[in-house]
1. Mind checking which residues of the range 24-57 are touching a helix residue (DSSP H, G or I) at 6+ places or on another chain (Cβ under 6 Å) and either without any contact (Cβ under 8 Å) to a residue 24 or more places away in the chain or over 13 Å from residue 166 (Cα atoms) (or both)?
2. How many of the residues in the range 41-66 are part of a loop (DSSP other than H, G, I, E, B) and over 15 Å from residue 24 (Cβ atoms)?
3. May I ask you to list the residues in the range 80-98 that are touching a helix residue (DSSP H, G or I) at 6+ places or on another chain (Cβ under 8 Å) and either on the phi < 0 side of the Ramachandran plot or outside any loop (DSSP other than H, G, I, E, B) (or both)?
4. Please state which of the following conditions residue 77 fails to meet, knowing it meets all the rest: (1) touching a helix residue (DSSP H, G or I) at 6+ places or on another chain (Cβ under 9 Å); (2) at pLDDT below 90; (3) not in a loop (DSSP other than H, G, I, E, B).
5. Restrict the check to the range 135-150 and report whether at least one residue is surrounded by 15 or more Cβ atoms within 10 Å (Cβ to Cβ) and on the phi > 0 side of the Ramachandran plot.
6. Only one of (1) free of Cβ contacts under 8 Å to residues at least 12 places away in the same chain; (2) more than 17 Å from the chain's Cα centre (by Cα); (3) within 27 Å of residue 153 (Cβ to Cβ) fails for residue 12. Which number is that?
7. Looking at (1) touching a helix residue (DSSP H, G or I) at 6+ places or on another chain (Cβ under 8 Å); (2) within 24 Å of residue 108 (Cβ to Cβ); (3) surrounded by fewer than 21 Cβ atoms within 10 Å (Cβ to Cβ); (4) modelled with pLDDT under 95, which is the one condition that is false for residue 131?
8. One residue is enough: does the range 203-219 have a residue meeting the conditions on the phi < 0 side of the Ramachandran plot, under 16 Å from the mean Cα position of the chain (by Cα) and part of a helix (DSSP H, G or I)?
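The values are calculated or read from the model by the stated rules, or taken from the named source; none is laboratory data. Nothing here was measured: the structure is a model prediction, and the numbers come from that model. Cβ: placed from backbone, ideal geometry, glycine included. Neighbour counts: every protein chain shown.
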C-alpha cells in the first residue's frame with residue numbers, strides 16, 4: 001500500500017496557553033512494499049506520527065493518503081472497517097488475551113466476520129503464519145506459558161491475519177531482551193520482503209532501524225532522512 005503525507009502538522013491546543021506544535025509540515029512518500037523506520041528522542045512525536053498514519057488520530061493540517069485515497073472524511077465506523085481490513089498493528093506490549101491460547105488470540109480480529117468461509121480461510125492462514133514465525137509447537141499454549149519474544153511473534157501474526165497492505169509497529173522490540181529483539185527484527189524484515197507488506201515502524205533502536213530500507217529521524221517536529 002502506498003502512503004503519502006502532504007504538509008502534515010499536528011498541534012495540541014491547551015486552554016489559556018499557546019498551541020504545542022508536535023509535527024511541523026511533514027511530507028513523505030512511502031511506496032508499496034517498502035520498509036521505513038522512524039527514530040528520534042523520547043517525546044519527539046514518533047508515536048503521534050504513527051497514529052496519524054494509521055488514522056487513529058487526525059492531523060491538524062495537511063492530508064495523509066492511503067493508496068491515493070484520503071480517509072480523513074470517513075465516519076468512525078468506516079474508519080474502523082478500513083483499519084481492520086487494511087492495517088496491521090504491533091505494539092511494544094503484545095496485548096494478548098491471557099485466557100485465550102495462541103491461535104485463538106491470533107483470530108481475535110476475525111470476531112466481527114460473520115461469513116463462515118472467510119473465517120475458515122483465516123484459520124488456515126493463521127496456522128501457516130504461526131508455522132512461518134516458528135510457533136507451531138506453541139499453537140495451543142496461553143500467553144503465560146510463552147516467552148516475551150514468542151508473545152511478540154504471536155502479536156505479529158495477529159496483525160497479519162487480515163492480510164493488511166500496511167504493517168505499523170510502535171517500539172516492537174522495546175520490551176524484549178537483545179536476542180529476542182534481533183529475532184523479531186529479522187522476522188519483520190522477512191514479512192516485508194516475502195509478503196510484500198509495507199512496513200513502517202518507530203523505534204529507539206538503531207540496530208532495528210538499520211534493518212529497514214529507509215531510516216528517518218524525527219526531531220523538533222521535522223523529518224530528515226539519515
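1. 37, 38, 39, 40, 57
2. Residues meeting the conditions: 7.
3. 84, 88, 89, 90, 91, 94, 96, 97, 98
4. (1)
5. Within the range 135-150, not a single residue is surrounded by 15 or more Cβ atoms within 10 Å (Cβ to Cβ) and on the phi > 0 side of the Ramachandran plot.
6. Residue 12 satisfies every listed condition except (3).
7. Tallying (1) touching a helix residue (DSSP H, G or I) at 6+ places or on another chain (Cβ under 8 Å); (2) within 24 Å of residue 108 (Cβ to Cβ); (3) surrounded by fewer than 21 Cβ atoms within 10 Å (Cβ to Cβ); (4) modelled with pLDDT under 95, residue 131 fails exactly one: (1).
8. Yes - at least one qualifying residue is present in the range 203-219.
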